[in-house]
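Read the structure below first, then the notes.
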Amino acid sequence: MRMRFFSLMMALAIYAGATASRVHAQAAETMMPDESAAKAKQVLNQLISAMGGEAYLQTRETDCTGRLAQFEHTGDLSGFTTFRDYWHLPDKNRTEYEVKGAKGGILGVLIGSIPFKGGTIIELYNGDEGWTMDRGGVTEQSAVNIADFQEQTKRDIDNVLRFRLKEEGMLFRYGGMDLVDMKPVEWVELVDREDRTFRYAVLQNSHLLARSIVITRDETTRERTEEVTSYGNYHMQGQVMAPLQVERKRDGRRLFQAFFDTCSFEQHLPPDFFTKASLEKKYAESFSKKDREKAAKQREKEERNN
């Protein structure tokens, strides 16, 4: 009887929450555009304050370490990789992976069909340029990879909050209250000049971000893509609040799950850190002359075969 009573009360609570969410969503729909935009900006300002306020807004460099869960195309977990991720916002990124081997998942995409027995892989992007460093040497990123990186910088929540909110043509709308993972949130919706739709679920109690959704459509096919990122395990790192667990899905398929150990938001990276020259120096330090010569011969062979 006690179990049935508890189940009934839980069901009533969920129903009440869902009903309240619909009521609040309907109330948000009746707001005038200026009122809705003002409310949305208020929620975003609360989010920025919760993330550290001015210290968060002035952050330009980040240095985070952690573990990255790799997933097969089927969605099954294939393993974990330790990594270190550096940013100089808005468009310079360097991610260093330490791997025993690679197959499938994100690292499989980076390496493709090239056999890799383990070691360090570095992915580096600097605006409209990019390079990869692995046992085979330093190579140029493909135009597709660079375009994907540039698109991700426009979607990135940190870039949106720090740089993009004042862009001309950015539209704001308040989406009302809701429940996300059984926690009350307020939804905010933004639409930029290129018709990306950003939907943010901001926790009512802490004003931190629980979930972000980015919706885009292919210019030619008009096919819809939905990318969902969930944030959790927030901890203050210096003067900035950071989510130490991040998960991203695209159209329901899990792309990655990152578990951060620490994050630093102090500016300390050398000026040449995001350059091809820095990778070439790292490669010379990381691999012996014999390994480099062997890799060079392998590249020559592949070029002749192509």
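The values are calculated or read from the model by the stated rules, or taken from the named source; none is laboratory data. Treat the numbers as computed from the prediction; the structure is a model and nothing was measured. Counting neighbours? That spans all protein chains shown, and the Cβs are built from the backbone with ideal geometry, glycine included. Note: accessible area is taken over every heavy atom of the protein model, side chains too, but ligands, DNA and RNA are not part of it. Shrake-Rupley method; radii C 1.70, N 1.55, O 1.52, S 1.80 Å.
Scan segment 179-196 for residues that are part of a strand (DSSP E or B), touching a Ser or Thr at 6+ places or on another chain (Cβ under 6 Å) and under 12 Å from Ile213 (Cβ atoms) and report the count.
0
Any idea how many residues of segment 250-287 are of a type in the set (Gly, Ala, Ser) and either under 16 Å from Trp87 (Cβ atoms) or under 17 Å from the mean Cα position of the chain (by Cα) (or both)?
Residues that pass the stated criteria total 4.
Please count how many residues of segment 191-229 are within 22 Å of Ala242 (Cα to Cα) and in contact (Cβ under 8 Å) with a residue 40 or more places away in the chain.
Qualifying residue count, segment 191-229: 11.
Count, please, the residues in segment 132-144 that happen to be crowded, with 21+ Cβ neighbours inside 10 Å and within 12 Å of Ala277 (Cα to Cα).
1
Between a first residue in segment 163-187 that is within 21 Å of Leu57 (Cα to Cα) and a second residue that is small (Gly, Ala, Ser) and surrounded by 15 or more Cβ atoms within 10 Å (Cβ to Cβ), which pairs have beta carbons less than 7 Å apart while being 6 or more apart in sequence or on different chains?
Filtered contacts from segment 163-187: Phe172/Ala37; Phe172/Ala40.
Within the group Phe256, Phe274, which residue is in contact with a Leu (Cβ under 7 Å, 6 or more places away or on another chain), part of a loop (DSSP other than H, G, I, E, B) and open to solvent by less than 50 Å² (accessible area, probe 1.4 Å)?
That would be Phe274, the only listed residue that is in contact with a Leu (Cβ under 7 Å, 6 or more places away or on another chain), part of a loop (DSSP other than H, G, I, E, B) and open to solvent by less than 50 Å² (accessible area, probe 1.4 Å).
Among Asp178, Asp192, which is the only one that is farther than 20 Å from Ser49 by Cβ and open to solvent by less than 20 Å² (accessible area, probe 1.4 Å)?
Asp192
Of all residues in segment 32-58, how many are in contact with a Lys or Arg (Cβ under 9 Å, 6 or more places away or on another chain), among the hydroxyl-bearing types (Ser, Thr, Tyr) and open to solvent by 20 Å² or more (accessible area, probe 1.4 Å)?
0
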